[in-house]
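Student: The structure is given below, and queries will be raised subsequently.
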Amino acid sequence: MEEIQHSIIAINGIKMHIAEKGQGPVVLLLHGFPELWYSWRHQILALARHGYRTVAPDLRGYGSSDAPNSIHSYSILLSVGDIIGLIDYLGVEQVFLVGHDWGAGIAWGVALFRPERVKAMVNLSVPFSPRDPSMKPIERYKAFFGDDLYICRFQEPGEMEAEIASAGVERALKKFFTSFGPYPLIIPKGTWLGDSNSPLNLPSWLSEEDVKYFASKFEQKGFTGPLNYYRMINRDWELVAPWAGAEVKVPTKFIVGSQDSVYSSPWMKEYVHGATFKKFVPLLEEVVVIDGAGHFINQERPEDISTHIYEFIKKF
């Protein structure tokens, strides 16, 4: 990790922390929740060895990047603006874009709004979701999964932050990293984080040292910024109305784990492998399902994901 360079840059009205290594065409790696640039630690090194300048930011609200207070500071438009500002800062016209979880959502946004800045894209876990004009997303989630679905539980400002503070940041992170299985993540009020004295076993791909690094940053910055992305979901639905029905016209590869909670959602397999996904992403070249892999796939299967990214982007 000491080979990775770190910088604080000014873009789009905030200061953003970036980690980078290597020389050559730029690959941008966008992390998800509850993560950091560090989630891409394996891919940064692997892709740099293949001759790429690999850059992973802390998204706004995370890590060593600024965390504005307002919920409205976490819109998809501002998040996409951050990435365009980062591309401009790097001094290139186009990048290879790779996203996971919320980072995938932002990557889809970049490719939808500014496709000329993306040479090709690899997204993990979260496929492109065409806008459904009939119902706001949070209401749809509640109708399908109930009020205790994690996305719904994150909506009330301060509520989840208080539960995390009571249980401790390390325990909360361990719980998140070990709870996204092949089922909806349900978070009952007041009980989900459990007894702080009872141990939580980590998977083989995540060490205590990894958790401590994540925790050190979340203890400094808190969870409000990351949770605010979820609190903007309904507002984002309103903001992207002008792009309803628009297609993502960027060469794309999509990768998901067979045990990912997203992939296991109702009708998701049919969507990902059917004609509708291809309709909205007409340059979708490949859908890869990694057997036995879960949600945090870039950390869980680092060599597989690094290879999949490289084998796709080297064609361009």
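Student: Cβ-Cβ below 6 Å, separation at least six or inter-chain, first residue in segment 21-46 and among the polar types (S, T, N, Q) and in a loop (DSSP other than H, G, I, E, B), second open to solvent by 10 Å² or more (accessible area, probe 1.4 Å) and at pLDDT 95 or above: which pairs?
Tutor: Gln23/Arg53
Student: Here is a further query. Is it the case that Leu36 is aliphatic (A, V, I, L, M), crowded, with 21+ Cβ neighbours inside 10 Å and more than 18 Å from Phe218 (Cα to Cα)?
Tutor: no
Student: Give the residue, chosen from Glu219, Glu238, Glu247, that is open to solvent by 40 Å² or more (accessible area, probe 1.4 Å), assigned to a helix (DSSP H, G or I) and in contact with a helix residue (DSSP H, G or I) (Cβ under 6 Å, 6 or more places away or on another chain).
Tutor: Glu219
Student: Same structure, new question: Return the only residue of Phe280, Phe254 being open to solvent by less than 60 Å² (accessible area, probe 1.4 Å) and out of contact with any strand residue (DSSP E or B) (no Cβ under 9 Å at 6 or more places or on another chain). It would help to see each step written out before you state the result.
Tutor: Working: Phe254 fails: out of contact with any strand residue (DSSP E or B) (no Cβ under 9 Å at 6 or more places or on another chain).
Sole residue among the options that is open to solvent by less than 60 Å² (accessible area, probe 1.4 Å) and out of contact with any strand residue (DSSP E or B) (no Cβ under 9 Å at 6 or more places or on another chain): Phe280.
Student: Moving on. For segment 175-207, name all the residues that are touching a residue at least 12 places away in the same chain (Cβ under 8 Å) and over 20 Å from Gly292 (Cα atoms). It would help to see each step written out before you state the result.
Tutor: Taking segment 175-207 as the starting set, the residues that turn out to be touching a residue at least 12 places away in the same chain (Cβ under 8 Å) are 175-178, 180-190, 192-194, 196, 200-203, 205-206.
Selection gives Ile186, Ile187, Pro188, Lys189, Gly190, Trp192, Leu193, Gly194, Ser196, Leu200.
Student: Can you tell me which residue in segment 188-216 is nearest to Cys152 (Cα to Cα), limited to those that are modelled with pLDDT under 95 and open to solvent by less than 30 Å² (accessible area, probe 1.4 Å)?
Tutor: Looking at the filtered set, the residue picked out is Trp192.
Student: Scan segment 89-132 residue by residue and report those that are of a type in the set (A, V, I, L, M) and under 17 Å from the mean Cα position of the chain (by Cα). Quick ask: steps written out before the conclusion?
Tutor: Residues of segment 89-132 of a type in the set (A, V, I, L, M): 90, 92, 95, 97-98, 104, 106-107, 110-112, 118, 120-122, 124, 126.
Hits for segment 89-132 are Leu97, Val98, Ala104, Ile106, Ala107, Val110, Ala111, Leu112, Met121, Val122, Leu124, Val126.
Student: Those residues that are open to solvent by 30 Å² or more (accessible area, probe 1.4 Å) and part of a loop (DSSP other than H, G, I, E, B), I need them from segment 171-187; list them, please.
Tutor: Thr178, Pro182, Tyr183, Pro184
Student: Take segment 278-301 and flag every residue that is assigned to a helix (DSSP H, G or I) and within 18 Å of the chain's Cα centre (by Cα). Give the derivation first.
Tutor: If we filter segment 278-301 for residues that are assigned to a helix (DSSP H, G or I), which is where we start, we get 278-280, 297-300.
Listed by number, the residues that qualify are Ile297, Asn298, Gln299, Glu300.
Student: Right, next: Mind checking which residues of segment 39-59 are touching a His at 6+ places or on another chain (Cβ under 8 Å) and not polar (S, T, N, Q)?
Tutor: Trp40, Ala56, Pro57, Asp58, Leu59
Student: Restricted to segment 8-20, and to residues that are outside any loop (DSSP other than H, G, I, E, B), in contact (Cβ under 8 Å) with a residue 12 or more places away in the chain and open to solvent by 40 Å² or more (accessible area, probe 1.4 Å), which residue is farthest from Glu161 (Cα to Cα)?
Tutor: So the first thing to find is which residues in segment 8-20 are outside any loop (DSSP other than H, G, I, E, B), and the list is 8-11, 14-20.
Then keep just the ones that are in contact (Cβ under 8 Å) with a residue 12 or more places away in the chain; that gives 8-9, 11, 14-20.
Right, trim to open to solvent by 40 Å² or more (accessible area, probe 1.4 Å) and you get 8, 15.
On the way: Ile8: 27, Lys15: 24 Å.
Going through the qualifying residues, I end up with Ile8.
Student: Here's a follow-up. Based on what the data block shows, is Gln43 surrounded by fewer than 22 Cβ atoms within 10 Å (Cβ to Cβ) and at pLDDT 95 or above?
Tutor: no
Listed here are the residues, each with its yes/no results for (1) farther than 23 Å from Tyr271 by Cβ; (2) of a type in the set (S, T, N, Q); (3) within 20 Å of the chain's Cα centre (by Cα).
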{"site": "Asn197", "(1), (2), (3)": "yes, yes, no"}
{"site": "Leu202", "(1), (2), (3)": "yes, no, no"}
{"site": "Glu209", "(1), (2), (3)": "yes, no, no"}
{"site": "Lys217", "(1), (2), (3)": "yes, no, yes"}
{"site": "Tyr230", "(1), (2), (3)": "no, no, yes"}
{"site": "Asn234", "(1), (2), (3)": "no, yes, yes"}
{"site": "Ala241", "(1), (2), (3)": "no, no, no"}
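The values are calculated or read from the model by the stated rules, or taken from the named source; none is laboratory data. What you are looking at is a predicted structure, and each value in this text was computed from that prediction instead of being measured. Cβ atoms come from the backbone with ideal geometry, glycine included; neighbour counts cover every protein chain shown. The accessibility values were calculated without ligands, DNA or RNA, using every heavy atom of the protein model including side chains. Shrake-Rupley method; radii C 1.70, N 1.55, O 1.52, S 1.80 Å.
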